[in-house]
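Q: Here it is: the structure, laid out below.
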Amino acid sequence: MSIGNPACQFFSIRDYGERIEMSDIITLPGLGGSGEDHWQTLWERDDPTMRRFQPSSWDRPILSDWIAALEREILRCKTPPVLIAHSLACQLIAHWAPSTTSAILGAFMVATPDPTGEVYLAEAGSFANPPLKRLPFPSLLVASTDDPFGSFDHANRSAEIWGSTLVDVGSRGHINAASGLGDWPEGKAIFQRFRAQLG
């Protein structure tokens, strides 16, 4: 499914939270974490109720450690959370989901990398080859048509395996700070639409 630019009104994350009963929201950055100009960081500033999970290392990721960090953060939640994942954290979700007993409301995933592609960092080797299983919760995957870390075809295959809605946002690179998106209002609108569908 390709949505492109959704025709919906733009709100800040905080304003939107006043319109519906918000669940907890956990942000999951990828390799290296999300820097000061990354849209995840800017969304967190706009909505202080968003919490970032904290693995032991952003630069030397170990899958088991990242899974444990995600579980810890979910345990802190008062309601089943929504996950907002970027890059390597999409693969984290794919590894974590089949074996967890924790309940989440849904997963909003952006720019999943391709472990078999030409650009995949050795530091993330433990995240390669996630289970080829449908995610047991609603999910949406946002993909760019010129992501150097994963082709759109890879994103399409991943969405089919995971049972995720796929959203094509055109040429946005890796959908990160280098893409020059600022707080990525287009992404906020897509997230808000997805969140509203979760009830």
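Read the figures in this text as sums done on the coordinates, not as results from a lab. Everything numeric in this text was worked out from a predicted model, so none of it was measured. Virtual Cβ from ideal backbone geometry, glycine too; neighbours counted across all protein chains shown.
Q: What does DSSP give for the chain in terms of the percent of beta bridges that are antiparallel, rounded to the nearest 5? Show your work: numbers first, answer last.
A: Details: 0 of 20 bridges.
Given both bridge residues lie in the chain, the antiparallel proportion sits at roughly 0 percent.
Q: Related question: So what's the back-of-envelope 222 nm ellipticity for the chain, counting only DSSP H runs of four-plus at -39500 (n - 2.57) apiece and dividing by all residues, rounded to 500? Please list the in-between numbers first.
A: Details: 6 runs with 59 residues, N = 199.
Here the helix-only value at 222 nm equals -8500 deg cm²/dmol.
Q: From the residues Gln40, His154, Ile25, which one has its Cα farthest along the dipole of the chain in the positive direction, the dipole being from +1 and -1 charges on Cβ of Lys/Arg and Asp/Glu about the Cα centre?
A: Ile25
Q: Still on this structure, I have one more. Place +1 on the Cβ of every Lys and Arg and -1 on the Cβ of every Asp and Glu in the chain, take the dipole about the Cα centre, and give the residue among Ser99, Gly125, Ile84 whose Cα lies farthest towards its positive end.
A: It is Ser99.
Q: Here is a further query. Could you state the number of Å between the C-alpha centres of segment 170-199 and segment 59-136?
A: Result: 18 Å between the Cα centres.
Q: For the pair Glu123 and Thr101, how long in nm is the line joining their label points, each one 7 Å along Cα→Cβ?
A: Once both label points are built, they end up 3.4 nm from each other.
Q: Where is the GNM fluctuation largest for the chain (alpha-carbon springs, 10 angstrom cutoff): Ala68, Ala122, Ala97?
A: Ala122
Q: Next up: For the residues Asp114, Asp146, what sequence is obtained by ranking on other C-beta atoms within 10 Å, fewest first? Could the numbers behind the result be given before it?
A: On the way: Asp114 19, Asp146 12.
The fewest-first ordering by Cβ neighbours comes to Asp146, Asp114.
Q: Okay, moving on. Take Ser64 and Arg193, extend 7 Å from each Cα along the Cα→Cβ direction, and tell me the distance between the two endpoints in nm.
A: Placing both labels 7 Å along Cα→Cβ, they lie 4.2 nm apart.
Q: Hey, of [x] 22, 20, 17; [y] 36, 17, 17; [z] 66, 26, 15, which did the structure itself give for semi-axes √(5λ) of the Cα gyration tensor in Å when calculated?
A: Matching entry in [x] 22, 20, 17; [y] 36, 17, 17; [z] 66, 26, 15: [x].
Q: Mind sorting Thr100, Thr49, Thr27 by how few other Cβ atoms lie within 10 Å of their own Cβ, fewest first?
A: Details: Thr100 15, Thr49 12, Thr27 24.
Least crowded to most crowded, the residues run Thr49, Thr100, Thr27.
Q: Under the definition of Cα pairs under 8 Å and six or more residues apart, what whole-number percent is the relative contact order of segment 13-197? Numbers along the way, then the final one.
A: Values: 332 pairs, mean separation 39.8, N = 185.
Relative contact order here is 21 percent.
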